[in-house]
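The values are calculated or read from the model by the stated rules, or taken from the named source; none is laboratory data. Quantities reported herein were computed from a predicted structural model and do not represent experimental measurements. Ideal geometry is used to build each Cβ from the backbone, glycine not excepted, and the neighbour counts take in all protein chains shown.
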Amino acid sequence: MYGIVTRNAEEIEWSEFDVGFYEVKRVTGQHGEPVEGAVNLVSCFADTASAATEDDAVAVDSSGRPATTDHPDLDSGHVCPSDEGYRNGLYEVIEACTRASGDVRLDEVGFPGPGFCHCERCEGAFAESEYDEWAAWRASVLTSFVAGAAERVPGDLYLTLHPDPYPGHLFARSGIDLEALAAHVDEFVVPLYDTAYGTTYWLESLASGFADRLTDLDARLGVELYAVDPDVDALAAAAETVEAQADGVYFGYHSGNARAVLRRWDAEARDGVEWG
């Protein structure tokens, strides 16, 4: 299965692709309207605009620093995943997406780093919880959010993962419990981005690592490649490298280059005719 990730609604209808992911809510906080026939994509807790303007909702690290773009470890602002008001707002966005299409993809699900979140809300909720370990409580916050999203999505639920398949790393980094989430997620999508794809061995290593992790979890694996900067030959080589491990290969943010890869493969597969 091949697909695209795009901000251009008209590209969703391109016939070369089996699936099109359309960005409805971006990490900037900008919103768009869901598109019929797309897998509408929602950036969840990465929300630069909300983190900058909603002091009560922004995530806070162990040193008391808010998760805004001023934080030395972050490129975008992040909202605390335990903020009920914000979570309910995300559910409303997800429900709007399902009215346009039954499938939804969740992006940026997780705490922004291993030191998050130590806001008063999280500290109090952990103290009152049944959990003895903070990391386990943190993971339960995300699992409950994804479970709530799954209840609202009638079709397939996709979820983006940080590209680190090593056991325990996602749990420690952002609170992602892969085994628990697999009960609610149909496909995990892993972005493996590079601006050139001059080498491909690392793509195979990461993709096969995730394939091994998901073998017994009854969830599909999608790999997303960056299609903007690499030339078509390099992009095609990258796609060929990961497709043996993945159920879906998706091209991000330059559908023209993605189309060129698929058309090249189609031409190479056709039998030639010799004249003479």
Residues of region 7-36 satisfying the condition of being touching a residue at least 40 places away in the same chain (Cβ under 8 Å), under 16 Å from His254 (Cβ atoms) and part of a strand (DSSP E or B): Phe21
Candidate set from region 233-250 (those that are touching a strand residue (DSSP E or B) at 6+ places or on another chain (Cβ under 7 Å) and outside any loop (DSSP other than H, G, I, E, B)); member that is farthest from Leu214 (Cα to Cα): Leu235
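Could you list, in sequence order, the residues of region 67-85 that are of a type in the set (D, E, K, R), in contact (Cβ under 8 Å) with a residue 12 or more places away in the chain and surrounded by fewer than 21 Cβ atoms within 10 Å (Cβ to Cβ)?
Matches in region 67-85: Asp73 only.
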Some residue of region 86-106 being crowded, with 21+ Cβ neighbours inside 10 Å, among the β-branched types (Val, Ile, Thr) and either modelled with pLDDT under 95 or closer than 19 Å to Gly32 by Cα (or both): yes
Residue count, region 44-57 (criterion: surrounded by 22 or more Cβ atoms within 10 Å (Cβ to Cβ), out of contact with any His (no Cβ under 7 Å at 6 or more places or on another chain) and over 17 Å from Leu142 (Cβ atoms)): 1
Members of region 161-205 that are over 13 Å from Gly110 (Cβ atoms), of a type in the set (D, E, K, R) and in a helix (DSSP H, G or I): Glu179, Glu204
Test for Ala258: is it surrounded by 16 or more Cβ atoms within 10 Å (Cβ to Cβ), of a type in the set (Gly, Ala, Ser), in contact with a Gly (Cβ under 9 Å, 6 or more places away or on another chain) and closer than 24 Å to Arg26 by Cβ: yes
Given (1) farther than 17 Å from Arg138 by Cα; (2) not in a strand (DSSP E or B), number of the condition Leu106 does not satisfy: (2)
Residues of region 166-177 satisfying the condition of being in contact (Cβ under 8 Å) with a residue 12 or more places away in the chain and surrounded by fewer than 21 Cβ atoms within 10 Å (Cβ to Cβ): Tyr166, Pro167, Phe171, Ala172, Arg173, Asp177
